[in-house]
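Student: Attaching a single structure in structure tokens format; questions to follow.
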Amino acid sequence: MSRKPVDIGDPDRLYTVTGGRSEADDAFDLVTLIVSECEPTAGMQSEHTRILELCRHPTALVEVSAELKLPITVVRILLGDLHAMGKVSARHPRAAESVATLPETALLQEVLHGLRNL
Amino acid sequence: MSVPARPRQRRSAQKAGSSSAVFPTVLVVTAAGAGAAVGLAPEGARPWVAGTAIAAWACVAAVVAFTSARLRQAQRRTVSRTGELEMTKNNWMQHGAETDQLVNVTLPAIAKQLKGGTGTDEVLSALPTPSDPYLRRMLHVFTTEVAEAVRRTADAQSDLDMMRRELAQGTKELERLTNDTLPAAVSLLREGSSADTVLAKLDWPANPLLRSPAESFIRELAYSERRSAAAQAASAKALSRVQAKTVGMLADLRDMQDRHGGEIFGDLLRLDHSTSQLGLMTDRLALLMGGRSSRVWNKPIVMESILRGSVGRIAAYRRVRLHNSSKAAIAGFAAEGVMHLLAELMDNAANFSPPIDEVHVYVEERSAGLVITIEDSGLKMSDASMRRAEESVSGRITDLASLQGTRLGLSVVGRLAAKHGISVNYRPSSRGGTGVVVLLPPQLMAQQREPVTPERPRLSTDAPATTTASTAPSTVEETFPEQSLGITPTDEAFLADMPRRGTPATPNGLPVRAPGHTMAEAERGRPKTATPPSEAEQSGTGPARDAGSRFGAFHRGRQAGGTLGGSPAPSGEDAEHQTGPATDD
């Protein structure tokens, strides 16, 4: 047999996590900070529980996505659910005054490069 | 008839006897009458009367003499006739006696002797020969015929006996063939023996009439067994390729889902769903064909994932409502089977309920195991179909011949249930439809709670501010090695084991792989010793994780979101993967 002897990973497919939805309702930005408003309760979807536990401290959406190892869209949908239930609140990043105040892209890339080399 | 004539003859003889005495009397009386007449006659007429009287008497005398002579003659004749008659009668009586003797005594005696086996000549010589030639001939003919008949009877009897013996033998052989030989042969063939082996091994009837059909039957059966086995093996092999392809596609799709967002993401989910359904169908066929499931899990799978994994494989997954608060996990070896079983039952429930109604799945933990109830609100199943369903899921009938058309799912359920010792029962649902109660025995459950309880306090005392969700998936990964080694750790054993697990590293910090553990496992255990410094750092800074892991997560998230055009170096990503979750634990 050519197939692998064992499977690693999880049996859940993403559409079962989102309940078949593929479009997020709320427009959460990648860097929107998420904060839990309550403790996870029993019987909750495990992703919701993890998000609530993760976001006891403000956490960015991308970070949540990386921690849960789930695509951004799925996390957005899950957060949308939690937000609709009032279990999390979102802190949208303040828009930058102007593009000029932001650091140069080259500088950021350099920082990234340096970090990678650590 | 001569018998009534006898009295007449006797009467005439008597008459003749009496008449002989009558004649002299008549003569005397007439003479006396004539004398009286002569005496009485007048004198003158006396001579005339005397003459007349004499003449008349003479006439009478003459008549009487003549008559008596004739009478005597007739008497003599009568006597001779009577003698003849007597003789004839005697003859006839003798003849009758002989016939009588022949019919009543001789013929039965002959028949008896001939039946006794005496020869014809012997019989004839031993018996008194009848005087009558006709009777003699008749006796001869009779004897010959009877002898012939007796011979023929004996022949026929011996033939009959032979036939009976043959028949009895044939019946016995047939019975043995039917009751012993053929069943044994069929079971040998089912076990995979070849026709020649079976024919050589068993005792076949000597009768060619039985032997040749039995032999051709065995050869035909062996041929069809071989054909079905070959077909099954070929299907299983072909299906295993499809299964591998499906698993590969699912992995690819998951990968793409990480990379793409927006509309493509929705399409990918749809494709993923179709592929999952395809996987269920392929697995179903593969299991029926004696193949294996497409996936084998190397770690316990929590109930939530089990349910999602099952529901994701059916078409109407949106209609299935999962009610699960169980944190139990199914051991890796059984996880795929349980998922397939539940998927089939959910599929069945969804297919046999109205498309607007929901199917509810409840999970309860009981001492007997994990009880999963799947309830639909469709039409109540009829008693007959419920019985059929019960029979299908019982796993008693595993023959492919019992498959009916397209309804293969329940047979697969039966096989899986029998394989893992799962009990599946149908009952009317309180929602109006049908309920299926699945009882997963405790041996299928991963023993995760014993390890978790001592671990939790340790983590919480070490890192009170840690935000890691010490949820089931991560702890399950922790407990897997014990499962795979077949050890069920008790609390003490686990606690005693902890230090050893915690320090699989060389003095200068390089990981050491314990025998029987994978590198990843060793790697997971290692950073536990490195937790205190980071924890001290965390307690000062507030955030749960160090900045490096946070930045790594951020970076990964950006990559996953597909917002970065260029693909990052995979080595860097891998390194992050290793450190990211590891430091969390």
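The values are calculated or read from the model by the stated rules, or taken from the named source; none is laboratory data. All figures in this text were calculated on a predicted structure; none of them were measured in a lab. Cβ: placed from backbone, ideal geometry, glycine included. Neighbour counts: every protein chain shown. In case anyone asks, the SASA skips ligands and DNA or RNA and just uses the protein heavy atoms, side chains included. Shrake-Rupley method; radii C 1.70, N 1.55, O 1.52, S 1.80 Å.
Student: Restricting to the range B:299-319, what's the tally of residues that are more than 7 Å from every other protein chain (Cβ to nearest Cβ) and either open to solvent by 10 Å² or more (accessible area, probe 1.4 Å) or among the aromatic types (Phe, Trp, Tyr) (or both)?
Tutor: Adding up the residues that qualify gives 6.
Student: In addition: Write out, first by first residue and then by second, each pair whose Cβ atoms fall under 9 Å of each other, whose residues are 6+ apart or on separate chains, and whose first residue, in the range B:210-224, is closer than 14 Å to B:Arg190 by Cβ while the second is open to solvent by 70 Å² or more (accessible area, probe 1.4 Å).
Tutor: What qualifies is B:Ala222/B:Asp196.
Student: Condition check: more than 42 Å from the chain's Cα centre (by Cα), in the same structural domain as B:Asp376 (by TED's automatic domain parsing) and closer than 28 Å to B:Gln443 by Cα. Does B:Arg313 satisfy that?
Tutor: Answer is no for this residue.
Student: Being surrounded by fewer than 11 Cβ atoms within 10 Å (Cβ to Cβ) and of a type in the set (A, V, I, L, M) is true for just one of B:Ala184, B:Ala168. Which residue is that?
Tutor: Just one listed residue meets the conditions, B:Ala168.
Student: Another question, if that's okay. Name the residue, out of B:Gly96, B:Gly83, that is under 30 Å from B:Glu148 (Cα atoms), at pLDDT 85 or above and part of a helix (DSSP H, G or I).
Tutor: The match here is B:Gly96.
Student: Does A:Ile72 qualify as being touching a residue at least 40 places away in the same chain (Cβ under 8 Å), closer than 30 Å to B:Arg295 by Cα and either facing chain B (nearest Cβ under 9 Å) or buried (at least 20 other Cβ atoms within 10 Å of the Cβ) (or both)?
Tutor: The answer is yes for A:Ile72.
Student: Among the residues in the range B:193-201, are any assigned to a loop (DSSP other than H, G, I, E, B) and open to solvent by 30 Å² or more (accessible area, probe 1.4 Å)?
Tutor: yes
Student: Select, from B:Arg152, B:Arg219, the only residue that is more than 30 Å from B:Thr282 (Cα to Cα) and surrounded by 11 or more Cβ atoms within 10 Å (Cβ to Cβ).
Tutor: B:Arg219
For (1) charged (D, E, K, R); (2) at the interface with chain A (Cβ under 7 Å from one of its Cβ atoms); (3) open to solvent by less than 30 Å² (accessible area, probe 1.4 Å); (4) in a helix (DSSP H, G or I), each residue gets a yes or a no:
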site: B:Glu225; (1), (2), (3), (4): yes, no, no, yes
site: B:Val242; (1), (2), (3), (4): no, no, no, yes
site: B:Met256; (1), (2), (3), (4): no, no, no, yes
site: B:His273; (1), (2), (3), (4): no, yes, yes, yes
site: B:Gly291; (1), (2), (3), (4): no, no, yes, no
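Student: I'm trying to understand the selection: among the residues of the range B:395-425, which are within 19 Å of the chain's Cα centre (by Cα), outside any loop (DSSP other than H, G, I, E, B) and under 24 Å from B:Ala331 (Cβ atoms)?
Tutor: Selection gives nothing.
Residues are listed down the side, and each one gets a yes or a no for (1) over 18 Å from B:Leu440 (Cβ atoms); (2) part of a helix (DSSP H, G or I); (3) facing chain A (nearest Cβ under 10 Å); (4) of a type outside the set (Gly, Ala, Ser):
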{"residue": "B:Leu322", "(1), (2), (3), (4)": "no, no, yes, yes"}
{"residue": "B:Ser326", "(1), (2), (3), (4)": "no, no, yes, no"}
{"residue": "B:Ala335", "(1), (2), (3), (4)": "no, yes, yes, no"}
{"residue": "B:Leu341", "(1), (2), (3), (4)": "no, yes, no, yes"}
{"residue": "B:Glu344", "(1), (2), (3), (4)": "no, yes, no, yes"}
{"residue": "B:Pro355", "(1), (2), (3), (4)": "yes, no, no, yes"}
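Student: Sticking with this one: Do the conditions hold for A:Leu52, that is, is it of a type in the set (A, V, I, L, M), more than 9 Å from chain B (Cβ to nearest Cβ) and either surrounded by fewer than 22 Cβ atoms within 10 Å (Cβ to Cβ) or not in a loop (DSSP other than H, G, I, E, B) (or both)?
Tutor: no
Student: Of B:Val38, B:Val26, which residue is open to solvent by 50 Å² or more (accessible area, probe 1.4 Å) and either touching a helix residue (DSSP H, G or I) at 6+ places or on another chain (Cβ under 9 Å) or closer than 30 Å to B:Val141 by Cα (or both)?
Tutor: B:Val26
Student: May I ask you to list the residues in the range B:275-284 that are more than 11 Å from chain A (Cβ to nearest Cβ) and either modelled with pLDDT under 90 or surrounded by 18 or more Cβ atoms within 10 Å (Cβ to Cβ) (or both)?
Tutor: B:Leu280, B:Thr282, B:Asp283, B:Arg284, listed by residue number.
Student: Among the numbered criteria (1) free of Cβ contacts under 8 Å to residues at least 12 places away in the same chain; (2) over 23 Å from the mean Cα position of the chain (by Cα), which one does B:Ser294 miss?
Tutor: Of everything listed in (1) free of Cβ contacts under 8 Å to residues at least 12 places away in the same chain; (2) over 23 Å from the mean Cα position of the chain (by Cα), B:Ser294 misses just condition (1).
Student: Now, a different point. Give just the number: which of (1) assigned to a helix (DSSP H, G or I); (2) within 14 Å of chain B (Cβ to nearest Cβ); (3) hydrophobic (A, V, I, L, M, F, W, C) does A:Ala106 not satisfy?
Tutor: Here A:Ala106 meets the rest and fails (2).
Student: Is there a residue in the range B:374-394 that is open to solvent by less than 40 Å² (accessible area, probe 1.4 Å), part of a strand (DSSP E or B) and of a type outside the set (Asp, Glu)?
Tutor: The answer is yes; a qualifying residue exists.
Student: Taking B:Leu268, is it more than 10 Å from chain A (Cβ to nearest Cβ) and either assigned to a helix (DSSP H, G or I) or open to solvent by 10 Å² or more (accessible area, probe 1.4 Å) (or both)?
Tutor: No, not satisfied.
Student: Kindly establish whether A:Leu115 is modelled with pLDDT of 90 or more, among the hydrophobic types (A, V, I, L, M, F, W, C), in contact with a Phe, Trp or Tyr (Cβ under 7 Å, 6 or more places away or on another chain) and assigned to a helix (DSSP H, G or I).
Tutor: Yes: the conditions hold for A:Leu115.
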